[in-house]
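Engineer: I have a structure I would like to understand better, so I am pasting it below and will then ask my questions one at a time.
The values are calculated or read from the model by the stated rules, or taken from the named source; none is laboratory data. Note that the coordinates shown come from a computational prediction; the quantities given were computed from them, not determined experimentally. Here the Cβ positions follow ideal geometry from the backbone for every residue, glycine too, while neighbour counts run over all protein chains shown. Keep in mind that these areas ignore ligands, DNA and RNA; they rest on the heavy atoms of the full protein, side chains included. Shrake-Rupley method; radii C 1.70, N 1.55, O 1.52, S 1.80 Å.
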Amino acid sequence: MRLIGLAVVLNSMSCRIRFCLALLLAIAAVGPPTDAQQATRISKIGFLATTTEPIAAFREGLRELGYIERKTVLLEVRLAEGAVERLPELARELIALNADVIVATNDVAIASVRRHTQTIPIVMVLSSDPAGAGFVASLARPGGNVTGLSTLSPETSGKRLELLREVIPGLSRVALLWAPDSRGNLLDYKETEAVARSLHVELQSVELFRGEDLDRAFSVVTKGRAQALIVPVGNPITVARRDQVASFARRNRLPSIYGTREYVDVGGLLSYGPSLPAMYRRAATYVHKILKGAKPGDLPIEQPTKFELVINLKTAKALGLRIPPSVLGRADQVIE
């Protein structure tokens, strides 16, 4: 009986030993946890802009795609605070951080980043003419490290002048405040000039190169006795100082039309152009595709397909203008 009991004990110990050996072999086969298993890698996105406004819409786009800031993605924001000349320095900062992708919001920002890197993917948001500026080979096949969205739609420039003519039937002289350094603004000028000739309206060209030129530009507009003002999309100087621009127009009783609604929100009369928040949200989709492995050079450039007309009736009343029902009926939004 003792021998039988001892055999049972030895057999039980042998089973336990075999089980332990099998467990150790299984652990060895799996190996230690990898870095990816220990922690999910956080992608780093650079964001270069002239003002703060675009960030909220871009962040919203990231959230809609499932990203959580500081958990799955880190957003490094650099703002020029209206000083366009600071963009090259801020671009170098983002490149030094070795971001996975950099979002550049306007032509100056895009050129600043592209000048210092041909490897980090760049997502444009408001490029006025990316192919003409040399940022990409073509809209369909960008090539290189740049892709994103363009505001390129020169036909809307003539539409702005036509809208002003509807609001001011006797319109004969209009000032165009534009940036010759912007390829898109150059196209806007040419299109507006052609429509002005067809409508027998004299177009006053007021060129703006730097923020310091704004007061001089205002003086040129008033001395030229313009009856209305057009400000196209894609000029970072006027975007950053849109309060000043809209205030100048109201103070001088100048009906004005702008390329984006942001001017109308601060007292401009009319705007006709693409929705900037929609474009910033869409830029997040480009970032998402790149972080998932897409090559920027293979992603076609998108252009706006929907344009919104926004009217500020408070400003119209202050200017003593009656907006025709035919124009009001086409408005996407009316501020009362």
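Engineer: Give me the residue from the stretch 194-216 that is modelled with pLDDT of 95 or more, crowded, with 18+ Cβ neighbours inside 10 Å and not polar (S, T, N, Q) and, out of that set, nearest to the chain's Cα centre (by Cα).
Structural biologist: 206
Engineer: Among the residues of the stretch 139-159, how many are modelled with pLDDT of 95 or more, open to solvent by less than 40 Å² (accessible area, probe 1.4 Å) and farther than 19 Å from residue 102 by Cα?
Structural biologist: 0
Engineer: While we're here: So residue 175 clears everything in (1) open to solvent by less than 50 Å² (accessible area, probe 1.4 Å); (2) under 23 Å from residue 131 (Cβ atoms) except one condition, right? Which one?
Structural biologist: Of everything listed in (1) open to solvent by less than 50 Å² (accessible area, probe 1.4 Å); (2) under 23 Å from residue 131 (Cβ atoms), residue 175 misses just condition (2).
Engineer: Separate question: Can you name the residue in the stretch 57-85 that is assigned to a loop (DSSP other than H, G, I, E, B) and within 16 Å of the chain's Cα centre (by Cα) and, of all such residues, is surrounded by the fewest Cβ atoms within 10 Å (Cβ to Cβ)?
Structural biologist: The qualifying residue surrounded by the fewest Cβ atoms within 10 Å (Cβ to Cβ) is 81.
Engineer: Taking the stretch 203-229 on its own, how many of its residues are in contact with a helix residue (DSSP H, G or I) (Cβ under 8 Å, 6 or more places away or on another chain) and hydroxyl-bearing (Ser, Thr, Tyr)?
Structural biologist: Adding up the residues that qualify gives 1.
Engineer: Name the residue that is surrounded by the fewest Cβ atoms within 10 Å (Cβ to Cβ), counting only residues in the stretch 100-112 that are assigned to a helix (DSSP H, G or I) and of a type in the set (A, V, I, L, M, F, W, C).
Structural biologist: Restricting to residues being assigned to a helix (DSSP H, G or I) and of a type in the set (A, V, I, L, M, F, W, C), the top hit is 111.
Engineer: Within the stretch 113-123, track down each residue that is surrounded by fewer than 24 Cβ atoms within 10 Å (Cβ to Cβ) and either part of a helix (DSSP H, G or I) or touching a strand residue (DSSP E or B) at 6+ places or on another chain (Cβ under 7 Å) (or both).
Structural biologist: Within the stretch 113-123, 114, 120 qualify.
Engineer: Something else about it: So, restricting to helices (runs of 4 or more DSSP H) that lie completely within the stretch 262-336, which ones have at least 2 residues that are at negative phi, among the hydrophobic types (A, V, I, L, M, F, W, C) and open to solvent by 10 Å² or more (accessible area, probe 1.4 Å)?
Structural biologist: It comes to 276-291, 313-319.
Engineer: Follow-up. For the stretch 47-58, check the following and say yes or no: at least one residue is in contact (Cβ under 8 Å) with a residue 60 or more places away in the chain and charged (D, E, K, R).
Structural biologist: Yes - at least one qualifying residue is present in the stretch 47-58.
Engineer: Let me ask another. Do we have any residue at all in the stretch 247-259 that's in a helix (DSSP H, G or I), at pLDDT below 95 and either acidic (Asp, Glu) or closer than 24 Å to residue 229 by Cβ (or both)?
Structural biologist: No, because not a single residue in the stretch 247-259 is in a helix (DSSP H, G or I), at pLDDT below 95 and either acidic (Asp, Glu) or closer than 24 Å to residue 229 by Cβ (or both).
Engineer: From 232, 236, 277, which residue is in contact with a helix residue (DSSP H, G or I) (Cβ under 6 Å, 6 or more places away or on another chain), at pLDDT below 95 and farther than 16 Å from residue 178 by Cα?
Structural biologist: Among 232, 236, 277, only 277 is in contact with a helix residue (DSSP H, G or I) (Cβ under 6 Å, 6 or more places away or on another chain), at pLDDT below 95 and farther than 16 Å from residue 178 by Cα.
Engineer: Another question, then. Can you spot a residue in the stretch 90-99 that is open to solvent by 40 Å² or more (accessible area, probe 1.4 Å), in a helix (DSSP H, G or I), of a type in the set (Asp, Glu) and more than 24 Å from residue 74 (Cα to Cα)?
Structural biologist: No, the stretch 90-99 has no match at all.
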